[in-house]
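Visitor: Okay, here's the structure, questions in a sec.
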Amino acid sequence: MSESGVDERGSAARGIAELGISDREIAALVRPVRVRPDVEPAEVFARATWTGIAEPGDRAAGLLVTALGARRALAAVIGHWPVERIIAEVDPAARAGRAALGREMHDALARWRPRVNSAAAVRALQSAARIGCRLVVPGDDEWPGGVDDLGVHAPLALWWRGQPESMPAMGRSVALVGARAATGYGEHVAMEASAGLVDRGFAIVSGAAYGIDGMAHRAALASNGVTVAFLAGGLDRFYPSGHDALLGSIVDTGAVLSELPCGAAPTRWRFLQRNRLIATASQATVVLEAGHRSGSLNTAGHAAAAGRPLGAVPGPVTSPASAGCHRLLRDYDARCVTNAAEMAELLEPGGAATAPGLRLGGGEASPEQVRVLDALSTRSARDVNDVAVRTGMSPNAVIAVLGVLAVDGLAREDERGWLRRV
């Protein structure tokens, strides 16, 4: 590479040109899926192509793209760079063992090169444009920043469908996961937990599977909350197909994301890798119901490895569907949680009753004030009678408490009813 970097850029351009696609064609392909106009079309195209070349979480791909950038990394694969040159680019200081890194890159190139297919990359981009799917990369407003904690195992790009305004809510989110073969008990807990967390201003993150995941999403939608789903296949064909309508509703109000391009089918490996995104994109993970070998335990493992708070809901000791939760409580550092308030405490130690915002007039909030505030939502306005039913207090008593909360800036009234201030 020359000091000016001209040779380096030229090499990258020549590498992509070997796909048989001109710069003009690349610009036309990526324009409908771009989020930030300041990102070069060739870089967007390269990242889109990488999502079809490397499997999710591929460490070697993460090393190569981090060191060279997506465009030069793609050029290295297309241009058949010698392994020795790639090693020198990835680890110029020779900090890692060159022999081990060489074997890793040699094996990776053998995996990637058969997948370099310009027609597949073009089809994925065209399919994405047809369904309103966009490609987001690190630094975009729609990028869930928590996944960057995965380091070289972080996604290279994410395919995204939904509402841009929903993504800031990921900064205050909880992942609710659990068994596909959920029991009535598990689904009831998931419904109450999701709705309660939404009322407390949290977004709900899950994987849109049958059972616990689906119930968590539905309850969040029913509570007018933000919910985000991570899938293990392309966004042109939702999986599971039985949740097509549910995922469509999530797109209308929240977001659905995947590491895989349009046309990619979900596989067991991809489901397991998808779980690491659920665990790191959210601020805490709660396992609501899980068998002894449930995939939800994989999500819990990723959350623990990333340093995220982990909660587990206990179930009947005779229920195999709760054996995984009991294992998390017994053998790991999972915290026992039984309702939305305790789940919120994973991120807000002390809970609602002792939170600093609940000091009224210089003193602690009364039990009645705590009950009324707990019954209010940050999103769905509720009238006095609704709050009275939720608290078990009389309407007159609720009105008196709401007045105090309004004076202290903890509640507000609009034309629809009362809401809690965040």
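Visitor: For the chain, what does the accessible surface come to per residue with a 1.4 Å probe? Please give it in Å².
Guide: Dividing the accessible area of the chain by its residue count gives 43 Å².
Visitor: Right, another one. Expressed in nm to one decimal, what extension gain is obtained for the pair R111 and L272 from 0.36 nm per residue of sequence separation less their Cα-Cα distance?
Guide: 56.0 nm
Visitor: While we're here: At 1.4 Å probe size, with the rest of the protein present, what percent of the exposed accessible area of the chain is carbon and sulfur atoms?
Guide: The computed percentage sits at 52.
Visitor: Could you tell me which of rounded, prolate or oblate describes region 106-244, using a ≥ b ≥ c as the square roots of the eigenvalues of the alpha-carbon gyration tensor, with rounded for a/c under 1.5 and, failing that, prolate when a/b is larger than b/c and oblate otherwise?
Guide: Here region 106-244 falls in the prolate category.
Visitor: Toward the positive end of the charge dipole of region 131-273, about the Cα centre and with charges on Cβ (Lys, Arg +1; Asp, Glu -1), which of T227, G211, L197 goes farthest?
Guide: The residue sitting farthest along the positive end of the dipole is G211.
Visitor: Report the local net charge at T338: Lys and Arg +1, Asp and Glu -1, summed over other residues whose C-beta lies under 13 Å from its C-beta.
Guide: Computed value for this residue: -3.
Visitor: In deg cm²/dmol, rounded to 500, what helix-only [θ] at 222 nm does the chain give when every DSSP H run of at least 4 residues adds -39500 (n - 2.57) and the total is split over its residues?
Guide: Calculated at 222 nm, the ellipticity per residue is -14000 deg cm²/dmol.
Visitor: On average over all directions, what projected area in square nanometres does the chain have, based on the convex hull of its Cα atoms?
Guide: Value for the chain: 24.0 nm².
Visitor: If you take every residue apart from G186 with its C-beta less than 12 Å away from the C-beta of G186, what net charge results, scoring Lys and Arg +1 and Asp and Glu -1?
Guide: -3
Visitor: Rounded, prolate or oblate: which fits region 88-174 when a ≥ b ≥ c are the square roots of the eigenvalues of the alpha-carbon gyration tensor, with rounded for a/c under 1.5 and prolate only if a/b beats b/c?
Guide: Oblate is the answer for region 88-174, as a/c is 1.5 or above yet b/c matches or exceeds a/b.
Visitor: May I ask you to compute the full-extension gain from L347 to R24, defined as 0.36 nm times their residue separation minus their alpha-carbon distance, rounded to one decimal in nm?
Guide: 111.5 nm is the gain from fully extending L347 to R24.
Visitor: Round to a whole angstrom and tell me the spacing of the C-alpha centers of region 274-340 and region 61-117.
Guide: Taking the Cα centre of region 61-117 as reference, the centre of region 274-340 is 36 Å away.
Visitor: Accessible surface of Y185 in the full protein assembly, 1.4 angstrom probe, to the nearest 10 Å²?
Guide: Near enough 90 Å² of accessible area.
Visitor: Same structure, new question: Mind checking the dipole of the chain: about its Cα centre, +1 per Lys or Arg Cβ, -1 per Asp or Glu Cβ, Debye to the nearest 20?
Guide: 940 debye
Visitor: Shifting gears a bit: Which value, in nm² and rounded to one decimal, describes the direction-averaged projected area of the C-alpha convex hull of region 38-160?
Guide: Its average projected convex-hull area is 7.8 nm².
Visitor: Considering only A54, V137, G79, whose Cα is most displaced toward the positive end of the charge dipole of region 49-196, charges sitting on Cβ of Lys, Arg (+1) and Asp, Glu (-1)?
Guide: G79
Visitor: Determine the gain in length on full extension of the stretch Q163-A306; use 0.36 nm per residue of separation and subtract their C-alpha separation, reporting nm with one decimal.
Guide: Contour length minus Cα-Cα distance gives 48.8 nm.
Visitor: On to the next question. How much FRET efficiency would the formula 1/(1 + (r/R0)^6) give for E84 and S118, where r is the Cβ-Cβ distance and R0 is 30 Å, rounded to 0.05?
Guide: 0.65
Visitor: Next question, about the same structure. Select from E142, E84, E192 the residue whose mean-square fluctuation is largest in a Gaussian network model of the chain (Cα-Cα springs shorter than 10 Å).
Guide: The residue that fluctuates most here is E84.
Visitor: Once you charge only the Cβ atoms, +1 for Lys and Arg and -1 for Asp and Glu, what is the size of the charge dipole of region 223-307 about its Cα centre, to the nearest 20 debye?
Guide: Here region 223-307 has a charge dipole of around 320 debye.
Visitor: How much accessible surface does D374 have with a 1.4 Å probe, in Å² rounded to 10?
Guide: Looks like 60 Å² after rounding.
Visitor: Please get the size of the charge dipole for region 80-190, origin at its Cα centre, with Cβ charges of +1 on Lys and Arg and -1 on Asp and Glu, quoted in debye to the nearest 20.
Guide: Using Cβ point charges on Lys, Arg, Asp and Glu, region 80-190 gives about 500 debye.
Visitor: Taking the Cβ of E259 as the centre, find all other residues whose Cβ is under 13 Å away and add up their charges (Lys, Arg: +1; Asp, Glu: -1).
Guide: Summing Lys/Arg as +1 and Asp/Glu as -1 gives +2.
Visitor: In square nanometres, what is one fourth of the surface area of the convex hull spanned by the alpha carbons of region 135-195?
Guide: Averaged projected area of region 135-195's Cα convex hull equals 5.6 nm².
Visitor: With a 1.4 Å probe and all protein chains in place, put M191, M393 in order of accessible area, largest first.
Guide: Ranking M191, M393 by accessible area, largest first, yields M191, M393.
Visitor: Quick one: Karplus J couplings for region 322-328, per residue in order, coefficients 6.51, -1.76, 1.60, θ = phi - 60°, nearest Hz, x for Gly and Pro?
Guide: With coefficients 6.51, -1.76 and 1.60, one gets 10, 4, x, 4, 5, 5, 4 Hz.
Visitor: Kindly rank 159-170, 97-108, 279-290 from highest to lowest mean number of other beta carbons found within 10 Å of each residue.
Guide: Per-residue Cβ counts within 10 Å, averaged per peptide and sorted highest first, yield 279-290, 159-170, 97-108.
The values are calculated or read from the model by the stated rules, or taken from the named source; none is laboratory data. Quantities reported herein were computed from a predicted structural model and do not represent experimental measurements. We place every Cβ from the backbone using ideal geometry, glycine too, and count neighbours over all the protein chains shown. To get the accessible areas, we keep the full protein, side chains included, count just its heavy atoms, and leave off ligands, DNA and RNA. Shrake-Rupley method; radii C 1.70, N 1.55, O 1.52, S 1.80 Å.
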